[in-house]
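> Please see the structure below; I have some questions.
The values are calculated or read from the model by the stated rules, or taken from the named source; none is laboratory data. On a predicted model such as this, the values are computed, not experimentally measured, just so you know. Positions of Cβ are generated from backbone atoms using ideal geometry, with glycine treated the same way; all protein chains shown enter the neighbour counts. Keep in mind that these areas ignore ligands, DNA and RNA; they rest on the heavy atoms of the full protein, side chains included. Shrake-Rupley method; radii C 1.70, N 1.55, O 1.52, S 1.80 Å.
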Amino acid sequence: LYSDDEVDELYALKVQAFADEAEIDPDVLARLMAPNHNWNISTDYRIETHRAGLGARLVVQLKKLVRPWVRLYTDHPLSRQAQINLYLHYLGHNLVRELVRLQVETAALRNKVETLQKERDAAREGGRG
């Protein structure tokens with residue numbers, strides 16, 4: 001009925017509609033739909049600060065000094081969370097894709113049923129006359 005490219009277009013429209021309904025930030029949706037996974041949690045984060053001046057360098061150095069001890073407690077849960085996020089991302093992607101396929105198939109079946117009903121009605125009327 002539809003090519004894979006057409007299903008992909010319908011999928012993108014359906015995901016956009018779900019995101020609009022949920023009032024998701026368009027930038028977040030764009031990151032979620034991107035082929036890379038830069039939306040996911042990473043244990044290899046950059047250490048930086050929003051402060052300016054000499055204090056900024058000191059803050060960054062202190063963060064780098066403390067990082068190994070913090071990572072002892074955060075790396076494992078963050079890695080597991082990243083795996084869960086990735087799984088749920090693929091699960092959601094595949095569910096919406098299957099939903100689109102089923103909607104297309106349902107529409108085709110409805111059209112077929114309507115056509116068959118019209119043919120049946122026409123045959124009944126033809127048999128009476």
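> Round to a whole number: what % of the accessible area of the range 42-113 belongs to carbon and sulfur, probe 1.4 Å?
Numbers: 3650 of 5870 Å².
Of the solvent-accessible surface of the range 42-113, carbon and sulfur hold 62 percent.
> Taking Cα atoms of the chain, Rg/Rh with Kirkwood Rh, to two decimals?
Rounded to two decimals, Rg/Rh equals 1.34.
> By how many degrees, 0 to 90 and rounded to 10, does the Cα axis of helix 54-128 deviate from the longest principal axis of the chain?
Relative to the chain, helix 54-128 is tipped by roughly 0 degrees.
> Under 15 Å from a point 7 Å along the Cα-to-Cβ line of residue 20: which residues of the range 97-113 have their amide N that close?
Residues passing the 15 Å test: none.
> With springs only between Cα atoms under 10 Å apart, run a GNM on the chain and tell me which of 15, 66, 100 wobbles the most.
Greatest mean-square fluctuation among the candidates belongs to 66.
> Here's another thing I want to ask about it. Hand me the GluC sites (Glu not before Pro) from the range 40-110 located in a DSSP loop with no more than 10 other Cβ atoms within 10 Å, in residue order please.
When the GluC sites (Glu not before Pro) of the range 40-110 are filtered for loop state and at most 10 Cβ neighbours within 10 Å, 48 remain.
> Next question. Compute the long axis of helix 4-21 from its Cα atoms, compare it with the longest principal axis of the Cα atoms of the chain, and write down the angle in degrees, 0 to 90, nearest 10.
Long axis of 4-21 versus the principal axis of the chain: about 60 degrees.
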